[in-house]
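Taking it in order: structure first as structure tokens, then the write-up.
Where a number appears in this text, it was derived from the coordinates with a stated rule and is not lab data. All values derive from a computational prediction rather than experimental measurement. Cβ: placed from backbone, ideal geometry, glycine included. Neighbour counts: every protein chain shown.
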Amino acid sequence: MDRRSPVLSAAFVLAGAFLAAGILTSCANLPPEPAPRGEVRIGPVRTEALDPSRVRFLFEVRTSNPGPRALPGLSLDCRLEAGGIPAGLSEASGAGGAGSPGPVGPFSLGPGEERVWSFEGTADLRSLPASGPDEVPWRIAAVLSAPGPDGIPGEVGSARTEGTVPRVREPLLTIRSIVLVRHELVNVLLELVLDVENPNPFPVEFSAASYRFHGEGRKWASGKVDRPASVPARGSAEVRLPILLNFTETGRDLFDLVAKLQVVRFRLEGQARVTAPLPFLPEFRMDFDRSGAVQVERTLPTRP
């Protein structure tokens, strides 16, 4: 019998213990496994003006998983703001169904998988100050979240994009005068003289106006006129609306009011078509409703 066997056995046991301890120490020093990450990309973004105050945004968000493990329980949250004002978004297509608001999810992405989501939203610019810039900045942000080890959702990917859209302002109407053009036995032809001011940095054309005119609380006339008036950028132009009064219908008191060139309390309401050399919004309808008091003139007074 070999007398060295107990010694060798003890040595082997001791060596094994040291080896196991080394392996455990090595495992304890391994770097933690990196948190799963996803990729998010926004685009293309398309904008279209519905009218001078509202802009529709349509865009895609691509989510992908570049890692070797599946990403379950994902949610995608997108935000849009224009001119600093948040705008509502809805999913145009995808798992959430057409028109679904709020974050998309939950959904999963397998290793190397990509999913594309479409969104749309409308920004209302009516609350922006009239004296604001001619370009309205917008920004879109998308955040991809997944539940962490504690079950609390955390960000695993994000993207952001921004740009500007033109600010389109409606022309401003001011009633400057009522001019007596022709006076007959029972009829009087008047012209309502308007100053049309263009606050935009590009020219516009004011045309195809339909209108209703009330004087002293009674309807005087209604009509349509389609004589386009070009209004330069940051400038103004004159527009005349004909008014034919029949005093057998409106009354003798209105006849005397006009004949004596007195002040008329009025209300003018209607619509007009406005065109602009702007692909973003080449044409729009403008509603107007103005009231006040103005004097009847025989000749048009000069502008101040």
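At what distance in nm do the modelled label points of Arg298 and Phe280 sit from each other, each positioned 7 Å from its Cα along Cα→Cβ?
5.0
Under 19 Å from the 7 Å Cα→Cβ point of Asp51, by amide nitrogen: which residues of the range 150-171?
Those under the cut-off are 166-171.
Mind pulling the per residue volume of the convex hull built on the Cα atoms of the range 138-193? Å³ is fine.
In the range 138-193, the Cα convex hull volume per residue is 145 Å³.
For the range 107-225, just say rounded, prolate or oblate: build the C-alpha gyration tensor, square-root its eigenvalues into a ≥ b ≥ c, call rounded for a/c under 1.5, and beyond that prolate if a/b exceeds b/c, oblate if not.
Prolate shape, in that a/c is at least 1.5 and a/b is the bigger ratio.
Suppose we look only past 16 Å in the calculated P(r) of the range 170-262. What percent of the Cα-Cα pairs does that tail hold?
For the range 170-262, the fraction of Cα-Cα distances above 16 Å is 58 percent.
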